[in-house]
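> Got a structure here, written out as structure tokens. Questions coming.
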């Protein structure tokens, strides 16, 4: 995945929400002010613009590029399930997202860095690809070096998984089901994304 050059706070301000979980008072104060300041008199966005914006937002949240996102869409189309639900389920099953949701990492970006550096194992095997898709019964653990990192220790002490399809016992995580649409913790209208790719 190519590096995203735009500052993360600027991206969050574009959508009016903290996309990356970075938080901070500076972002909260400016969250409702889009990059470039307020623009009075801007026309109401077209339906195409709304669809494009929703697609871009989801790509930014999960930190993926257009070509990879398109592959997820194509896989979802072949799944035989509703496109929007199948797409979100695949994105949620990404290893970097699972490491984040298990409370091993503060952000998805941090989770991806840990994976790339060989600090994450799935079923006892080191996996270095953030887009790896976990399956039910997958067991996710961190190597000793990662567990010794202060930021990881802080996350483990303060966070537990907030979704029912993941379970963590001490420093081991397990996938115990499939992602559920109602547990997506950010505002997304997947019907707009479906409309974008089926227009």
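The values are calculated or read from the model by the stated rules, or taken from the named source; none is laboratory data. Everything quoted here is computed from the prediction, not taken from an experiment. Neighbour counts are summed over all protein chains in view; Cβ atoms, including those assigned to glycine, are modelled from backbone coordinates with ideal geometry.
> Is it the case, given these coordinates, that residue 20 is modelled with pLDDT of 95 or more, closer than 23 Å to residue 173 by Cβ, outside any helix (DSSP H, G or I) and touching a helix residue (DSSP H, G or I) at 6+ places or on another chain (Cβ under 7 Å)? Write out each step before concluding.
Working: modelled with pLDDT of 95 or more: no; closer than 23 Å to residue 173 by Cβ: yes; outside any helix (DSSP H, G or I): yes; touching a helix residue (DSSP H, G or I) at 6+ places or on another chain (Cβ under 7 Å): yes.
Considered against the rule, which asks whether it is modelled with pLDDT of 95 or more, closer than 23 Å to residue 173 by Cβ, outside any helix (DSSP H, G or I) and touching a helix residue (DSSP H, G or I) at 6+ places or on another chain (Cβ under 7 Å), residue 20 comes out as no.
> Let me ask something else about it. Could you go through the range 133-144 and let me know if any residue there is at positive phi and assigned to a loop (DSSP other than H, G, I, E, B).
Taking every residue of the range 133-144 in turn, at least one turns out to be at positive phi and assigned to a loop (DSSP other than H, G, I, E, B).
> May I pose another question? If the requirement is being assigned to a helix (DSSP H, G or I) and closer than 17 Å to residue 162 by Cα, which of these qualifies: 105, 111, 90, 86?
111
> Something else: For residues that are over 15 Å from residue 174 (Cβ atoms) and surrounded by 13 or more Cβ atoms within 10 Å (Cβ to Cβ), tally how many sit in the range 107-126.
So the count comes out to 12.
> Any residue that is buried (at least 16 other Cβ atoms within 10 Å of the Cβ), assigned to a helix (DSSP H, G or I) and over 19 Å from the mean Cα position of the chain (by Cα) - is there at least one of those in the range 185-193?
The answer is no; no qualifying residue exists.
> Just checking, which of 199, 178 is touching a residue at least 12 places away in the same chain (Cβ under 8 Å), within 18 Å of residue 89 (Cβ to Cβ) and surrounded by fewer than 13 Cβ atoms within 10 Å (Cβ to Cβ)?
Answer to the selection: 178.
> Within the range 148-184, can you find the residues that are assigned to a loop (DSSP other than H, G, I, E, B) and either within 16 Å of residue 108 (Cα to Cα) or within 15 Å of the chain's Cα centre (by Cα) (or both)?
Passing the criteria: 159, 160, 161, 162, 163, 179, 180, 184.
> Quick one: count up the residues across the range 46-83 that are under 16 Å from the mean Cα position of the chain (by Cα) and not in a helix (DSSP H, G or I).
Selection size over the range 46-83: 3.
> Does the range 140-154 contain at least one residue that is modelled with pLDDT of 95 or more, touching a strand residue (DSSP E or B) at 6+ places or on another chain (Cβ under 9 Å) and under 23 Å from residue 73 (Cβ atoms)?
No, that holds for no residue.
> Testing residue 84 on (1) touching a helix residue (DSSP H, G or I) at 6+ places or on another chain (Cβ under 6 Å); (2) within 29 Å of residue 119 (Cα to Cα); (3) surrounded by fewer than 21 Cβ atoms within 10 Å (Cβ to Cβ); (4) in contact (Cβ under 8 Å) with a residue 24 or more places away in the chain, one condition comes back false. Which one is that?
Of (1) touching a helix residue (DSSP H, G or I) at 6+ places or on another chain (Cβ under 6 Å); (2) within 29 Å of residue 119 (Cα to Cα); (3) surrounded by fewer than 21 Cβ atoms within 10 Å (Cβ to Cβ); (4) in contact (Cβ under 8 Å) with a residue 24 or more places away in the chain, only one is false for residue 84: (2).
Results for (1) touching a helix residue (DSSP H, G or I) at 6+ places or on another chain (Cβ under 8 Å); (2) surrounded by fewer than 19 Cβ atoms within 10 Å (Cβ to Cβ), shown as yes or no for each residue.
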site	(1), (2)
100	yes, no
105	yes, no
131	yes, no
135	no, yes
147	yes, yes
157	no, yes
